[in-house]
Amino acid sequence: MDGGKVLVVGATGMIGGLVVRRLAERGGAPALAGRDATRLATLARESGGGPCRAFDAYDLDGCADLAPWAAQALGGLDTVVVTIGVAGFGRAEEVTEAAAEHLMTVNALAPMAVIRGALPVLQPGGTVVAVTGAVVDRPLVGTADYAAAKTAFATWLGIVGREQRRRGVTVVDVRMPHLAGGFADRAVTGTAPGLPPGADPADAVERYVLAPILNGTEASL
């Protein structure tokens, strides 16, 4: 990754932070975007001093501007990694409209905006790696709004991937398994149903997120 021009969006989250650290270990200094400006600046210093920018998922125009900003800061852009997401639980009639809007914005509209802004500035042969989740394939009772948002994003990614093949841009939909680390415990609404022990986050990042970047994997994982 030495010299690779990579943007990691959601860098202050668990998955995004692991991606940044692993890229830095391989000689990269990616551009970082995240919600928490203080944590973002610290992570940037610890991972090679790449440029960083705070953003709000509700600012969709700001989301769309992240990749053009990173391309200008890095002198081009080869790869965009999108790890934005938040969990939410509860039967459909129990979820408030505000919570449903939040789930759809953070899990679908914001990452779509990031990628929409990235496509015109990605180098030919570039890669988009976006994390959706196993909930797309195996939605549980009590996850209707959460699963709907992730599935909407996954469907969008699949079509965008087909659209971008002609120009050589690979779009990878990472159906990340349930992970240890407390993501489900930080849900914006409701309580997670009984879940099996989660996979190791560091191992999952290596297998599902970094492998497509380093090996050019085209298939959804």
Exercise for the section: Might you let me know whether segment 104-119 holds any residue that is among the polar types (S, T, N, Q), buried (at least 22 other Cβ atoms within 10 Å of the Cβ), part of a helix (DSSP H, G or I) and at negative phi? Expected result: yes
Exercise for the section: Looking only at segment 53-77, count how many residues are buried (at least 19 other Cβ atoms within 10 Å of the Cβ) and not hydrophobic (A, V, I, L, M, F, W, C). Expected result: 2
Handout entry: Number of the exception - ALA204 against (1) at pLDDT 90 or above; (2) within 30 Å of LEU77 (Cα to Cα); (3) in a helix (DSSP H, G or I)
Key = (1)
Completion exercise
Conditions (1) within 19 Å of GLY85 (Cα to Cα); (2) part of a helix (DSSP H, G or I); (3) touching a Ser or Thr at 6+ places or on another chain (Cβ under 8 Å) -> GLY161 fails only (1)
Fill in the blank from the handout: Inside segment 9-47, the number of residues satisfying the requirement of being touching a residue at least 12 places away in the same chain (Cβ under 8 Å) and either among the charged types (D, E, K, R) or more than 20 Å from TYR58 (Cβ to Cβ) (or both) is 23
Completion exercise
Scanning segment 138-157 residue by residue, those at pLDDT below 95 and surrounded by fewer than 20 Cβ atoms within 10 Å (Cβ to Cβ) turn out to be ARG138, PRO139, LEU140, VAL141, GLY142
Practice task
Tell me, yes or no, whether segment 60-83 has at least one residue that is closer than 20 Å to ASP185 by Cβ and not in a loop (DSSP other than H, G, I, E, B).
Solution key: no
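The values are calculated or read from the model by the stated rules, or taken from the named source; none is laboratory data. Everything numeric here is computed off the predicted structure, so don't read it as measured data. Because the Cβ atoms are built from the backbone with ideal geometry, glycine has one as well, and the counts that use them run over all protein chains shown.
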